[in-house]
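**Student:** First the structure, which I've put down as structure tokens, then a few questions once you've had a look.
The values are calculated or read from the model by the stated rules, or taken from the named source; none is laboratory data. As the structure is a prediction and not an experimental result, all values here were calculated from the model. Virtual Cβ from ideal backbone geometry, glycine too; neighbours counted across all protein chains shown.
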Amino acid sequence: MRRKLAIIMGSGATLCFVLTPFLWMFVVSLSTDPRALFAEELNLTLTNYREVLSSRSLHFGSYCLNSIGISLGASVIVTVVASLAGYAVSRFSFPGRISLPLIILALSMFPQICIVGYLYQIFSTAGLINTWIALILPYCAMTIPLSLWINMSYFAQIPRDLDKAGLIDGAGRLAVFVHIILPLALPGIFSSFLLVFITCFNEFLFALMLTIDYHAQTIPVGLASFEGLHGEVPWGNLMAASTMAALPLVVLALVFQRYIINGLTAGALKG
């Protein structure tokens, strides 16, 4: 009984600690006063949401389109590359088969700030600053290690006898991968796709340094640039935009949490 009570109290305290900032953000987004939670009278309104969605100067729609397009593009590329690489590493014997994934993982541990200056010089010379490509390429390099290791874990669970049976029946290696192995590894591939998408959607540093205006800036940078006419911070608009930006990711995580958890844990336990 004591253990159950302690678990409930601990879970409740953790839940309150995590959800309080989001509750504050949501309440402020419905009010014109940033101190809404402490106000004597709470007047709720949708004015902030209407202003964010209708104001051309805030460019919220452009930020959303950029974030979705860039994150989706990077996620598709990373998923294709990492799934093929994960299959190759788990199935073929070649020099560096063990060390290559470790090297890729080690390289991903370098802080982003170490390379952002060089990336800026490269993309500036190529004329790619303030374009989607300038963000998609670094995002791919940044997230491939995570996706590769998730896919490797899933492919390692699948018996190699399935490959041999397909090859014996006359299927080529690519056909075996597409028609036999890929459907079995789909939960892991899908979970890595979701994690890559969320990571790219929330990334800030590259988006700040490699973009200039709303034509390529993503939501995190766009929200950071919200500013009133006289330099003040429009907290109501900022919280409304933050709520709308966070809601799709929250829904995505809640709906597909089973796939994300399975992708992160199944390979680690069985691989």
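**Student:** Would you mind telling me which numbered condition in (1) aliphatic (A, V, I, L, M); (2) in contact (Cβ under 8 Å) with a residue 12 or more places away in the chain; (3) part of a helix (DSSP H, G or I); (4) within 22 Å of L72 (Cβ to Cβ) V251 fails?
**Tutor:** Failing condition for V251: (2).
**Student:** For the range 188-227, name all the residues that are part of a loop (DSSP other than H, G, I, E, B) and modelled with pLDDT of 85 or more.
**Tutor:** Once the filter is applied, which keeps residues that are part of a loop (DSSP other than H, G, I, E, B) and modelled with pLDDT of 85 or more, the range 188-227 yields E203, F204, L210, T211, I212, D213, Y214, H215, A216, Q217, T218.
**Student:** Let me ask you something else. Looking at A82, A74, which one is among the hydrophobic types (A, V, I, L, M, F, W, C), at pLDDT 95 or above and assigned to a helix (DSSP H, G or I)?
**Tutor:** A74
**Student:** Let me ask you something else. What pairs come out if I take residues in the range 162-182 that are under 15 Å from A88 (Cβ atoms) and pair them with residues that are of a type in the set (G, A, S) and loosely packed, with under 13 Cβ neighbours inside 10 Å whose C-beta lies under 9 Å away, six or more apart or interchain?
**Tutor:** none
**Student:** Report yes if S83 is farther than 30 Å from D213 by Cα, within 21 Å of the chain's Cα centre (by Cα) and surrounded by 15 or more Cβ atoms within 10 Å (Cβ to Cβ), otherwise no.
**Tutor:** yes
**Student:** Looking at L119, is it touching a Pro at 6+ places or on another chain (Cβ under 8 Å), in a helix (DSSP H, G or I) and either over 16 Å from F197 (Cβ atoms) or without any contact (Cβ under 8 Å) to a residue 60 or more places away in the chain (or both)?
**Tutor:** yes
**Student:** Please state which of the following conditions M142 fails to meet, knowing it meets all the rest: (1) in contact with a helix residue (DSSP H, G or I) (Cβ under 7 Å, 6 or more places away or on another chain); (2) within 30 Å of A216 (Cα to Cα); (3) outside any loop (DSSP other than H, G, I, E, B).
**Tutor:** The number of the failed condition is (1).
**Student:** Then there's this: Here is a list of conditions, (1) loosely packed, with under 11 Cβ neighbours inside 10 Å; (2) under 24 Å from the mean Cα position of the chain (by Cα); (3) not aliphatic (A, V, I, L, M), and N66 meets all of them except one; can you say which number that is?
**Tutor:** It fails just one condition, (1).
**Student:** Select, from L44, L105, L135, the only residue that is more than 24 Å from L223 (Cα to Cα) and touching a residue at least 12 places away in the same chain (Cβ under 8 Å).
**Tutor:** After applying the criteria, what remains is L105.
**Student:** Working carefully through the options A171, A185, A240, find the one that is surrounded by 16 or more Cβ atoms within 10 Å (Cβ to Cβ) and either in contact with a strand residue (DSSP E or B) (Cβ under 8 Å, 6 or more places away or on another chain) or modelled with pLDDT under 85 (or both).
**Tutor:** Matching residue, one of A171, A185, A240: A171.
**Student:** Can L135 be described as aliphatic (A, V, I, L, M), more than 30 Å from R56 (Cβ to Cβ) and out of contact with any Gly (no Cβ under 8 Å at 6 or more places or on another chain)?
**Tutor:** no
**Student:** Part of a helix (DSSP H, G or I), farther than 23 Å from P248 by Cβ and over 19 Å from the mean Cα position of the chain (by Cα): is that true of P101 in this structure?
**Tutor:** yes
**Student:** Now for a separate question. So in the range 1-50, with the set limited to residues that are among the basic types (K, R) and assigned to a helix (DSSP H, G or I), which one is nearest to the chain's Cα centre (by Cα)?
**Tutor:** Filtering first and then ranking leaves R50.
**Student:** Have a look at T20, T14, T47, T32 and point out the one that is modelled with pLDDT under 85 and among the β-branched types (V, I, T).
**Tutor:** Going through T20, T14, T47, T32 in turn, the sole match is T32.
**Student:** Among what's in the range 228-237 and is among the small types (G, A, S) and assigned to a loop (DSSP other than H, G, I, E, B), pick the residue that is modelled with the lowest pLDDT.
**Tutor:** It comes out as G228.
**Student:** Return yes when V89 is under 22 Å from the mean Cα position of the chain (by Cα) and in contact (Cβ under 8 Å) with a residue 60 or more places away in the chain and no when it is not.
**Tutor:** no
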